[in-house]
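Heads up: the structure comes next, in structure tokens.
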Amino acid sequence: MKDTMIGVDLAKRVFQLHGASMVGDVKFRKKLTRDQFRAFMAQHPACLVVFEACGSASYWAREMEALGHETKLIAPQYVRPFVKRQKNDANDAEAIVIAARQPEMRFVVPKSEDQQARAALFRGRERLVRQRTEDVNALRSLLYEHGHVFPIGLGALGRMQALVADDRNGLPGLLREECEELLTQIAEKTARITARDQKLKDLAARSETARRLRTMPGVGPLTALALEAFGPDMAQFRRGRDFAAWLGLVPRQHSSGGRDRLGRVSKAGQADIRRLLIIGAMSRLGWLGRRKIVAGSWLARMLDRKPKMLVAIALANKMARQIWAMLTRNEDFKDPTLAAVA
């Protein structure tokens with residue numbers, strides 16, 4: 001029976017350990033290098049090892065489980081209130097143990113290697129899109145300084161390219177060379193983004209979970225892969241509302257004295273999934289998507305009396321709850337509006 005809890009403050013080279021019994025009696029404090037930590041845990045009897053959720057926490061959680069230990073991850077914001085006075089590695093490791101002993105504490109599920117690989121592919125695409133946007137903005141700014149105005153977005157890229165290629169554009173030679181260099185970089189990044197998109201689509205086609213998620217309107221390959229890469233096991237949520245709250249799609253509360261005060265969306269959860277769900281919800285509210293909205297439905301009534309962006313966030317919240325139901329029940333999407341009409 002595991003009677004020891006070890007809190008580990010992870011770092012690049014030196015790890016701080018705080019060992020204690022399950023009731024809080026201190027057993028040891030150690031500062032170990034990476035290799036010393038691995039060797040120490042290999043010889044230590046099976047125990048509960050707790051980390052702060054950070055970049056390498058999932059890797060070390062898998063390593064500790066391979067050695068026979070039980071592991072848990074805690075979000076840093078839940079550990080911070082238990083740090084005593086000065087912040088240092090020893091106090092951080094002790095705070096991790098104190099936080100893990102709280103009966104109502106919430107823990108983070110470690111990611112698998114496959115999840116981390118999919119997340120790397122997803123984030124790589126996001127990085128390329130961001131870099132391409134920077135190049136397009138730089139090109140538009142250079143042309144604006146010489147009297148050529150173009151709207152924001154990729155839609156005007158062809159017109160900018162035609163202007164730079166025109167010998168009668170009146171641009172200085174050095175500036176024209178710089179614009180051509182930017183256009184080359186944009187074309188290269190566009191090709192790489194297209195290749196990443198195809199790879200993500202292929203992954204989504206091979207995944208049963210992604211296939212099931214894509215049966216929902218507004219959920220495409222990117223959203224499905226993001227849910228697989230960044231989303232936790234849905235079994236840890238008691239209901240769909242808890243998953244929507246985890247994503248930050250609920251109002252921020254500042255209630256007191258029995259009086260409810262609700263503010264803007266909290267944005268306290270996973271940003272990638274939340275952003276993609278809102279984009280998917282907006283696509284369902286466009287001029288093409290509105291054709292499929294049943295008259296008199298909840299969505300139609302919301303659109304009649306609320307701003308479009310507010311309706312999109314409410315719809316994203318509903319999509320999150322529906323996704324939880326689909327994944328926990330292993331069912332494809334069923335439109336509740338059509339079911340009610342039938």
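Points worth noting:
- For the stretch 183-342, projected area of the alpha-carbon convex hull averaged over all directions, nm²: 12.4 nm²
- Under-5 Å amide H pairs with Val265, H placed in peptide plane, nonlocal only: Arg252
- Helix-only mean residue ellipticity at 222 nm for the chain, each DSSP H run of n ≥ 4 adding -39500 (n - 2.57), per residue, nearest 500: -17000 deg cm²/dmol
- Compared with the rule-of-thumb size 2.2 N^0.38 Å for a compact globular protein, the stretch 174-235 has a Cα radius of gyration ratio of 1.64.
- Solvent exposure, largest accessible area first (probe 1.4 Å, DNA, RNA and ligands not counted), of Arg106, Arg176, Arg211: Arg106, Arg211, Arg176
- Area accessible to solvent at Thr184, 1.4 Å probe radius, in Å²: 80 Å²
- Taking GluC sites (Glu not before Pro) in DSSP loop states with no more than 14 other Cβ atoms inside 10 Å as exposed sites, the chain has its longest site-free stretch at 146-330.
- Among Val97, Val26, Val311, the largest mean-square fluctuation in a Gaussian network model of the chain (Cα springs under 10 Å) belongs to Val26.
- Dimensionless Rg over Rh [the stretch 131-222; C-alpha; Kirkwood]: 1.18
- Contact order normalised by residue count of the chain, Cα under 8 Å, 6+ apart, percent: 11 percent
- Accessible heavy-atom area order of Arg140, Arg206, highest first, probe of 1.4 Å: Arg206, Arg140
- Other-chain or far-sequence residues with amide H under 5 Å of Lys27's (modelled H): Gly19, Ala20, Ser21
- Local charge for Asn91 was computed over the other residues whose Cβ lies under 12 Å away, with Lys and Arg +1 and Asp and Glu -1, and equals +1.
- Here the chain exposes an accessible surface that is 51 percent carbon and sulfur, computed with a 1.4 Å probe and the other protein chains kept in place.
- Long-range amide H partners of Val108 with built H, under 5 Å: Leu73, Ile74, Ala75
- Trypsin sites (Lys or Arg not before Pro) restricted to DSSP loop in the stretch 219-283 with at most 13 other C-beta within 10 Å: Arg238, Arg239, Arg261, Lys267
- Here the convex hull built on the C-alpha positions of the stretch 56-115 has a volume of 97 cubic angstrom per residue.
- Seen from all directions on average, the stretch 82-165 presents a Cα convex hull projection of 11.4 nm².
- Two-site FRET efficiency, Arg275 against Glu178, from Cβ-Cβ distance with R₀ of 25 Å, rounded to 0.05: 0.15
- For the stretch 16-142, projected area of the alpha-carbon convex hull averaged over all directions, nm²: 11.2 nm²
- Binned Cα-Cα distance frequencies in the chain - 10 Å width, integer %: 5, 18, 22, 22, 18, 11, 4, 0, 0
- Probe 1.4 Å, protein heavy atoms only - accessible area per residue of the stretch 262-342 in square angstrom: 61 Å²
- When peptides 150-156, 56-62 are ranked by their average number of other Cβ atoms within 10 Å per residue, the highest-first order is 56-62, 150-156.
- Gaussian network model of the chain, springs between alpha carbon atoms under 10 Å - residue of Gly231, Gly19, Gly263 with greatest fluctuation: Gly263
- Approximate spin-label separation Arg127-Glu104, in nm, with each point projected 7 Å along Cα-to-Cβ: 4.1 nm
- Per residue value of the accessible surface for the stretch 1-88 (all protein chains in place, 1.4 Å probe), Å²: 57 Å²
- Using the 1.4 Å probe convention, the accessible area of the stretch 154-244 works out to 54 Å² per residue with neighbouring protein chains retained.
The values are calculated or read from the model by the stated rules, or taken from the named source; none is laboratory data. Not measured: the values here are computed from a predicted model. Using ideal geometry, Cβ is built from the backbone for each residue, glycine included, and neighbour counts are taken over all protein chains shown. Side chains included, ligands, DNA and RNA excluded: accessible areas come from the protein's heavy atoms. Shrake-Rupley method; radii C 1.70, N 1.55, O 1.52, S 1.80 Å.
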